[in-house]
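Written below as structure tokens is the structure these notes are about.
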Amino acid sequence: MASNLSQNMRVWHRKLGFFLSGIMAIYALSGITLIFRDSDAFKKTINHDITIATNLEPAQLGKELDIRRFKVDKVEGSVLHFKGGTYDKTTGRAVYSVKKVPFFLDKLQHLHKAKSADPLFFLNIFFGLGLLFFVISSFWMFLPSSSIFKKGLWFTAGGIVLAIILLLV
């Protein structure tokens, strides 16, 4: 029985590993790019010169321009100055620039950060469960009495300790 379970775990581990390898590569790349989300790495500047409603208050203006954490820095007459641009309350003209990641990279990052309201959240749950299966099934790769298995347990303990230390730092 144990031999049969061990053999099945190896087969499932191998098949799921091949199936998820593409998703793992995408998650790895999007995760690496997300590390730099607080910088301008990978971003391109997009310039806007548009006319919108007049006499908007700062909160309304931020929503209208779709700028998160919008803040007016200075007011000169009817012109509001904010990071990256200006808005003239009398004419409704807004001239500003924003930095955004390219479309495809934005989609990759959105996949990585999907929330429960997104249709992609099922993929994230499936992927997380797949990784959890890899963790569990890897313990069936070698006989518990083998030295490789015993050394593997030490590496597992090391990984857990390292993760805890990094969480506490």
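Sequence-ordered 3J(HN,Hα) estimates for region 33-40 from the Karplus curve with 6.51, -1.76 and 1.60 and θ = phi - 60° stand at 5, 5, 4, 9, 5, 8, 10, 8 Hz, glycine and proline given as x.
Axis of helix 147-168 versus longest Cα principal axis of the chain: the two differ by about 20°, to the nearest ten degrees. Between the helical axis of 103-112 and the longest alpha-carbon principal axis of the chain there is an angle of about 50 degrees. For region 44-100, the alpha-carbon radius of gyration amounts to 1.01 times the rule-of-thumb value 2.2 N^0.38 Å expected for a compact globular protein. Scoring 44-56, 89-101 by mean Cβ neighbours within 10 Å over their residues and listing the highest first yields 89-101, 44-56.
Using the beta-carbon distance between Ser97 and Val169 and R0 = 30 Å, what value does 1/(1 + (r/R0)^6) give for FRET efficiency, to the nearest 0.05? With R0 = 30 Å, the Cβ-Cβ based efficiency is 0.25.
The listed peptides 124-132, 105-113, 33-41, ordered by packing as a protection proxy, come out as 105-113, 124-132, 33-41 (highest mean of other Cβ atoms within 10 Å first).
Among Ser78, Ser21, Ser138, determine the one that fluctuates most according to a GNM of the chain built with springs between C-alpha atoms less than 10 Å apart. Comparing Ser78, Ser21, Ser138 in a Gaussian network model of the chain, the most mobile one is Ser78. A Förster radius of 41 Å combined with the Cβ-Cβ distance from Asp38 to Ile160 puts the calculated FRET efficiency at roughly 0.90.
Pairs Lys44/Lys113; Lys63/Lys83; Lys63/Lys89; Lys74/Lys99; Lys71/Lys107: which exceed 18 Å Cα-Cα? Write down the numbers at each step before the final one.
Values: Lys44/Lys113 21 Å; Lys63/Lys83 15 Å; Lys63/Lys89 15 Å; Lys74/Lys99 21 Å; Lys71/Lys107 27 Å.
In this structure, Lys44/Lys113; Lys74/Lys99; Lys71/Lys107 lie more than 18 Å apart at Cα.
Percent of Cα pairs in the chain per distance bin of 10 Å, from zero to the largest separation: 8, 22, 23, 18, 12, 9, 6, 2, 0.
Put a dot 7 Å past the Cα of Phe104, heading toward its Cβ, do the same for Ile148, and the two dots end up 3.8 nm apart. Where only DSSP H runs of four or more residues are counted, the chain gives -18500 deg cm²/dmol as its mean residue ellipticity at 222 nm, each run worth -39500 (n - 2.57). Label positions at Leu29 and Asp49, each projected 7 Å from the Cα along the C-beta direction, are separated by 3.6 nm. Rounded to the nearest 0.05, the FRET efficiency derived from the C-beta distance between Phe126 and Val11 at R0 = 22 Å is 0.70.
Here each label is just a point 7 Å from Cα along the line to Cβ, and for Glu64 and Lys83 those points are 2.1 nm apart.
Just so you know, all these numbers are worked out from the coordinates, no wet-lab data involved. Here the structure is a predicted model, which is why all the values come from computation and not from measurement. Backbone-built Cβ (ideal geometry, glycine too); neighbour counts: all protein chains shown.
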